[in-house]
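Here the structure comes first, spelled out in structure tokens, and everything after it is commentary.
The values are calculated or read from the model by the stated rules, or taken from the named source; none is laboratory data. What you are looking at is a predicted structure, and each value in this text was computed from that prediction instead of being measured. FYI the Cβ positions are ideal-geometry reconstructions off the backbone, even for glycines, and counts take in every protein chain you see. Protein only, heavy atoms only, side chains kept; ligands, DNA and RNA dropped before computing areas. Shrake-Rupley method; radii C 1.70, N 1.55, O 1.52, S 1.80 Å.
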Amino acid sequence: MYGPSNLRSLLPRKTWGFLRLEAKKKANGKCMICGKKTTRLEGHERWSYDEQNGVQKLEEIISICHDCHSV
């Protein structure tokens with residue numbers, strides 16, 4: 001069985017923190033899904049999948065509110 005497969009668990013803490021902060025700057029205090037203004041934004045990875053070739057590609061990291069991240 002495989003363990004967690006997200007960037008936060010795979011990257012060094014400092015690297016993930018940098019990527020999350022860059023996404024947070026782009027969000028300008030608003031959830032990038034629902035648009036809600038919040039001081040607590042969470043980093044969320046958007047991936048695409050090429051099932052034919054078995055390739056997963058990171059498209060972007062966005063900042064979203066806790067409610068959207070819980071879905």
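Here are a few things to note about the model shown:
- Count of residues meeting criterion [basic (Lys, Arg) and surrounded by 10 or more Cβ atoms within 10 Å (Cβ to Cβ)] in region 1-24: 3
- In this entry, ARG46 is excluded by the filter for residues that are in contact (Cβ under 8 Å) with a residue 40 or more places away in the chain, in contact with a strand residue (DSSP E or B) (Cβ under 7 Å, 6 or more places away or on another chain) and open to solvent by 60 Å² or more (accessible area, probe 1.4 Å).
- Residue check: GLY54 meets all listed conditions (1) exposed (fewer than 10 other Cβ atoms within 10 Å of the Cβ); (2) touching a strand residue (DSSP E or B) at 6+ places or on another chain (Cβ under 6 Å) but one, namely (2).
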